[in-house]
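Engineer: Sharing a structure below in structure tokens format, with a few things to ask.
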Amino acid sequence: MEQTKTVVIVARTHMHHGRVCVGALAEDGENLRLLNSAYHPELDEKSPYRVGEKWRICYEPRGEQKPPHLEDVAVAQAVKVGSVDDMAGYVLPRAKPWAGGIDELFERKIHFTVNGAGFISKNSIPSCSTGFWIPYCDLRLQEDGQGKLAYYALGDYRHLAYMGVQEPIEFVEAKCLVRVSLARWWKPEEAPDPIEERCYAQVSGVLSAARSDCRSA
């Protein structure tokens, strides 16, 4: 059934083949992932949405949904109605960020590879694939050993890849508001059958400073 809501764009995340994943937070606190009417993410240059913009959208849930990616909606119509300067001021009354260390993310169901990359396993799936995080330690952007940028807590080998479209911030102070998400289920094509599919955790962007209204698992 089609619904109409006002939302603020909270993330634009790189995907394969030049597409972007657009995350939005509705005024009623619902997290949405905006797809086109064909149930696909748009190419980067075709997607009209930018972080901080406010849109009035008509949408319906995206057919079959595979947990934890339950936020997908197909947008039939969208009209830009404004913008938000204070992202923390918008998000915090409507969401309860995970607060603390990296192990608090996604209902404490996050695991880590031997190299420290965060992921979700099919043995323990959280109830959502998007959310917000207020880390209690500083984060530093650096290469992860495979040529990709990632955010590391100082003194910790565990990390989250940075996949946001916006220019990354090299040093994120503790208690800033960070938007996080889970990529789609994936495993390398050349991987042997016993290797499971995983959803890798990532940072979509750093929204702004935050000080309160946190949640812990």
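Engineer: Ignoring solvent entirely, what values of log10 I(q)/I(0) come out of the Debye formula for the chain at 0.08, 0.10, 0.11, 0.17 Å⁻¹ when each Cα is a single scatterer?
Structural biologist: Listed by q, the Debye log ratios stand at -0.26, -0.42, -0.51, -1.27.
Engineer: Ok, one more. Which value, in debye to the nearest 20, gives the size of the charge dipole of segment 1-59 about its Cα centre, when Lys and Arg are +1 and Asp and Glu are -1 at the Cβ? Each step should come with its number before you reach the end.
Structural biologist: Values: 8 positive and 8 negative charges, 24 e Å.
About 120 debye.
Engineer: Give a residue-ordered list of calculated ³J(HN,Hα) values for segment 194-203 (Karplus: 6.51 cos²θ - 1.76 cosθ + 1.60, θ = phi - 60°; whole Hz; x for Gly, Pro).
Structural biologist: x, 6, 7, 6, 9, 9, 7, 7, 8, 9
Engineer: Once you sort the root eigenvalues of the Cα gyration tensor of segment 64-118 as a ≥ b ≥ c, which label holds: rounded (a/c under 1.5), prolate (a/b larger than b/c) or oblate (the other case)? Intermediate values should be presented prior to the final figure.
Structural biologist: Working: a/c = 2.74, a/b = 1.46, b/c = 1.88.
Oblate shape, in that a/c is at least 1.5 and b/c is the bigger or equal ratio.
Engineer: I would also like to ask the following. Which order do peptides 162-172, 130-140, 16-26 fall in by mean Cβ count within 10 Å, highest first?
Structural biologist: 130-140, 16-26, 162-172
Engineer: Could you give the Stokes-Einstein D for segment 75-190 in µm² per second, using the C-alpha Kirkwood radius, 37 °C, 0.692 mPa s? Could you put the intermediate results ahead of the total?
Structural biologist: Details: Rh = 15.8 Å.
The diffusion coefficient I find is 208 µm²/s.
Engineer: Fully extended, how many nm does the chain gain between C58 and Q77 (0.36 nm per residue separation, minus their Cα-Cα distance)?
Structural biologist: Numbers: separation 19, 0.36 × 19 = 6.84 nm, distance 0.51 nm.
Gain on extension, C58 to Q77, equals 6.3 nm.
Engineer: Between E170 and I195, what is the FRET efficiency for a Förster distance of 41 Å, r being their Cβ-Cβ separation, to the nearest 0.05?
Structural biologist: On the way: r = 33 Å, r/R0 = 0.81.
Plugging the Cβ-Cβ distance into 1/(1 + (r/R0)^6) gives 0.80.
Engineer: Rank A153, T6, S181 by how far each Cα sits towards the positive end of the charge dipole of the chain (+1 on Lys, Arg Cβ; -1 on Asp, Glu Cβ) and give me just the farthest.
Structural biologist: Farthest towards the positive end: T6.
Engineer: While we're here: If you average the alpha carbon positions of segment 1-77 and of segment 115-132, how far apart do those two centres end up, in angstrom?
Structural biologist: The distance from the Cα centre of segment 1-77 to that of segment 115-132 comes to 20 Å.
Engineer: Can you give the calculated 222 nm mean residue ellipticity of the chain, where each DSSP H run of n ≥ 4 adds -39,500 (n - 2.57) and the sum is split over every residue, rounded to the nearest 500 deg cm²/dmol?
Structural biologist: Numbers: 2 runs with 9 residues, N = 217.
For the chain, the value works out to -500 deg cm²/dmol.
Engineer: Averaging sequence separations of C-alpha pairs under 8 Å and six or more residues apart, then dividing by the length of the chain, give the relative contact order as a whole percent.
Structural biologist: With pairs under 8 Å counted, the relative contact order is 19 percent.
Engineer: Taking each pair of distinct Cα atoms in segment 3-88 once, what is the resulting Kirkwood hydrodynamic radius in Å? Walk me through the intermediate numbers first.
Structural biologist: Details: mean 1/r = 0.0776 Å⁻¹.
Result for segment 3-88 stands at 12.9 Å.
Engineer: Let me ask another. By how many nm would the segment from Q146 to R50 lengthen if fully extended, with 0.36 nm per residue of separation less the alpha-carbon distance?
Structural biologist: Numbers: separation 96, 0.36 × 96 = 34.56 nm, distance 2.89 nm.
Once the chain is fully extended between Q146 and R50, it gains 31.7 nm.
Engineer: Ok, one more. Points 7 angstrom from Cα along the Cβ direction at R19 and K187: gap in nanometres?
Structural biologist: 2.2 nm
Engineer: Express the relative contact order of segment 3-88 as a whole percentage, based on alpha carbon pairs under 8 Å and six or more residues apart in sequence. It would help to have the intermediate numbers written out before the result.
Structural biologist: On the way: 182 pairs, mean separation 26.6, N = 86.
The normalised contact order for segment 3-88 reaches 31 percent.
Engineer: If I model a spin label at R94 and L154 as a point 7 Å from the Cα along the Cα→Cβ vector, what separation in nanometres do I get?
Structural biologist: 3.3 nm
Engineer: Evaluate the charge dipole of the chain about its Cα centre and quote only its size in Debye, nearest 20, assuming +1 on the Cβ of each Lys and Arg and -1 on the Cβ of each Asp and Glu.
Structural biologist: In total the dipole reaches around 320 debye.
Engineer: Right, something else. Compute the relative contact order of segment 116-175 as a whole-number percentage, counting only Cα pairs closer than 8 Å that sit 6 or more residues apart in sequence. Kindly include the intermediate steps, with their values, before the conclusion.
Structural biologist: Working: 76 pairs, mean separation 22.6, N = 60.
Across segment 116-175, relative contact order equals 38 percent.
Engineer: For labels at E30 and L70 in the simple 7 Å Cα→Cβ model, what's the distance in nm?
Structural biologist: Placing both labels 7 Å along Cα→Cβ, they lie 1.3 nm apart.
Read-outs: derived from the displayed coordinates by stated rules, not from any lab. Here the structure is a predicted model, which is why all the values come from computation and not from measurement. Cβ atoms come from the backbone with ideal geometry, glycine included; neighbour counts cover every protein chain shown.
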